[in-house]
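The values are calculated or read from the model by the stated rules, or taken from the named source; none is laboratory data. Since the model is a prediction, treat every value here as computed from it, not as a measurement. Counting neighbours? That spans all protein chains shown, and the Cβs are built from the backbone with ideal geometry, glycine included. These accessible areas exclude ligands, DNA and RNA; they are computed on the full protein's heavy atoms, side chains included. Shrake-Rupley method; radii C 1.70, N 1.55, O 1.52, S 1.80 Å.
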Amino acid sequence: MGISSLGVGSGLDLEGLVSQLLEAERAPKAARLDAQDERIESEISSLGQLKSKLSEFKDSVDELRKDQSLTGREPTIRNPSEESEPFTAEASNSALTGEYAITVERLASGSRIESATAANGGFTSSTDEVTDTAGSLTFKIGGTGDTFSINVAAGATLAQLREQINKAEGNFGITANIINTGTADGGAKLVISSKVTGEGNDLSIVNDNNLAGLNRIATTDSAETASYLVPTKTAQNAQAIIDGITVQSDTNEFENTIQNVTFTAKAVSEKNSLDEFQSSTLVIGFDQEALDEKIKGFVESYNALNEEIRSLTKYGESDLEEDGALAGDFTIRGIQAGLGNILSGTVSASTLGGLFQIGIELTSEGKLEIGSSDFGLGTGISRLSDALEDNFDEVSKLFTADDGIAKKLYDFIDQYTKSSGILADRETAAKDQRDRLLDDRAAFELRLVSFEQTLRGRYLNLDQTVARLQQSSSALLASLF
């Protein structure tokens, strides 16, 4: 008699028995493997969260240690009216603080050349032929050495010449236009403007081949001895007055006229009812507001990191509350201790010494706060305000110096967050444990398969033996009755 399933022959629940024995074998080991898997996955996830938060804090610290607002000077301009903005200004970190009265009297400009009227040998229209013989013109600025040339074809019109000039290779800022006067005597005038500013930087146009036709748009001949057209407007410097002193620049940018300060003229200053220029006030000072915001942002960023660490390392206050995934972890304790040492330490490069002197205090919970308590030195808020007002550069050094807070924090965190850092090694080790756990689970499943086969072999014999005994008993009973 063939038996397709355990217990079919004997009527015993051998399948249930095998299942119970397998579960009894599987459950303890599976529970241990599941617990290990949960612990490892939690550790990997928590290390990732911590690394991410540390990286965010490191980025903010990196910006802080490099931020120009910590060492920079902030130019502030007060104009006579909102409609007036004669200049803009920038200051380097080494600029001295001060206040200056500035008036822009004149903007820098380039030169301009116009061809003669039709009545004086110029052109009647834009279609007039410029020359009946091919030649070339050279445009140059004697003061700067800028130069380019164009070849003018025989029969070229005034309009074609205009396009040649504007599209010429090497054109350094020369623009040609045609103005039709609308009168027979005036005709069409070729206007050539130069963007090269500054006194002595007038445009000259050389008639390279001394062609009579090209003399009408040239300033000199090939030997540069003859004079033809003369500029209708000469190039000039920008001119300003700083605290009563007249200054000039060949461009609209006045660089280092005030030491380590650059201001750029945008428009001529307004005049009052007496036709007198009204000055604007340029104040070079510290960017206290920006630094105040940076310091408060630093405090907030650190506290967000501290909160993440506390969440990952907390111990449950009762049996119902689970511990944090990294509770008691030696690496995290090292991070907390290192951060605390830096934040409570001193900076020799700054006369302020440390964060407490600018009102930032480290609480017992590891948080930073701009304290409201008065220890005889004023509250944290007042200490920060006073430090920014009276010791701006020293506050800056507190963060940006070689032994500054931001520099030391960045270097400390980097050893944990870099690709070959401590946390990366911990993540690798945890992932290796996870891989080994997968191998252990696979090996365990194989052992269970072997164990099941052994059980089935044993109980199959039992099932068959009981089945035979039952058949013999049935046969015996049948023969007796």
With the structure loaded, tell me whether A337 is assigned to a helix (DSSP H, G or I) and under 22 Å from T363 (Cα atoms) or whether it fails that test. yes
Suppose we filter T351, T379 for residues that are open to solvent by less than 60 Å² (accessible area, probe 1.4 Å) and not charged (D, E, K, R); which single one remains? T379
Residues of region 196-240 being closer than 30 Å to A267 by Cβ, part of a strand (DSSP E or B) and open to solvent by less than 40 Å² (accessible area, probe 1.4 Å), which ones? L203, S204, A238, Q239, A240
If you go through region 357-371 one residue at a time, do you hit one that is in a helix (DSSP H, G or I) and not acidic (D, E)? yes
Kindly provide the set of residues from region 140-183 that are of a type in the set (A, V, I, L, M), open to solvent by less than 50 Å² (accessible area, probe 1.4 Å) and not in a loop (DSSP other than H, G, I, E, B), ordered by number. I141, I150, V152, L158, A159, L161, I165, I174, A176, I178
Could you list, in sequence order, the residues of region 98-129 that are touching a strand residue (DSSP E or B) at 6+ places or on another chain (Cβ under 6 Å) and open to solvent by less than 30 Å² (accessible area, probe 1.4 Å)? G98, I102, T103, V104, A108, S109, G110, S111, I113, S115, F123
Residue check: is G186 at pLDDT below 95 and open to solvent by less than 20 Å² (accessible area, probe 1.4 Å)? yes
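Just to be sure, is S273 within 19 Å of N79 (Cα to Cα) and over 45 Å from the mean Cα position of the chain (by Cα)?
The answer is yes for S273.
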Reported set for region 382-410 where residues are open to solvent by 10 Å² or more (accessible area, probe 1.4 Å), part of a helix (DSSP H, G or I) and polar (S, T, N, Q) is S382, S385, T400
Checked region 425-451 for anything of a type in the set (D, E) and open to solvent by 60 Å² or more (accessible area, probe 1.4 Å); matches are D425, D432, D435, D439, D440, E445
If I filter region 281-290 for residues that are open to solvent by less than 70 Å² (accessible area, probe 1.4 Å), of a type in the set (D, E), touching a helix residue (DSSP H, G or I) at 6+ places or on another chain (Cβ under 6 Å) and assigned to a helix (DSSP H, G or I), do I get at least one hit? no
Unmet requirement for L33, which otherwise passes all of (1) aliphatic (A, V, I, L, M); (2) within 36 Å of the chain's Cα centre (by Cα); (3) not in a loop (DSSP other than H, G, I, E, B): (2)
Could you look through region 78-95, keep only residues that are at pLDDT below 95 and of a type in the set (A, V, I, L, M), and pick out the one that is nearest to A238 (Cα to Cα)? A91
Test R434 against the criterion of being touching a residue at least 12 places away in the same chain (Cβ under 8 Å) and in a helix (DSSP H, G or I), and give yes or no. yes
Checking E82 against (1) surrounded by 15 or more Cβ atoms within 10 Å (Cβ to Cβ); (2) more than 17 Å from V247 (Cβ to Cβ): exactly one of these is not met. Which one? (1)
With the requirement that a residue be in contact with a strand residue (DSSP E or B) (Cβ under 7 Å, 6 or more places away or on another chain), open to solvent by 60 Å² or more (accessible area, probe 1.4 Å) and in a loop (DSSP other than H, G, I, E, B), what does region 252-278 give you? K266, V268, Q278
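I'd like the full set of residues that are of a type in the set (A, V, I, L, M, F, W, C) and either at pLDDT 90 or above or open to solvent by less than 20 Å² (accessible area, probe 1.4 Å) (or both), limited to region 318-336.
We begin by selecting, within region 318-336, every residue of a type in the set (A, V, I, L, M, F, W, C); these are 320, 325-327, 330, 332, 335.
Hits for region 318-336 are L326, I332, I335.
Specify the residue that is least open to solvent (accessible area, probe 1.4 Å); the eligible residues are those in region 130-139 that are hydroxyl-bearing (S, T, Y) and touching a Gly at 6+ places or on another chain (Cβ under 8 Å).
T131
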Which ones in region 328-365 are under 22 Å from E394 (Cβ atoms) and acidic (D, E)? E361
Scan of region 356-376 for residues that are farther than 21 Å from A337 by Cα, surrounded by fewer than 18 Cβ atoms within 10 Å (Cβ to Cβ) and not hydrophobic (A, V, I, L, M, F, W, C), ordered by number: S372, S373, D374, G376
Cβ-Cβ under 9 Å, sequence separation 6+ or interchain: first residue in region 456-481 and at pLDDT 70 or above, partner open to solvent by 70 Å² or more (accessible area, probe 1.4 Å). Which pairs? Y459/L12; L462/L12; V466/L12; R468/M1; Q471/M1
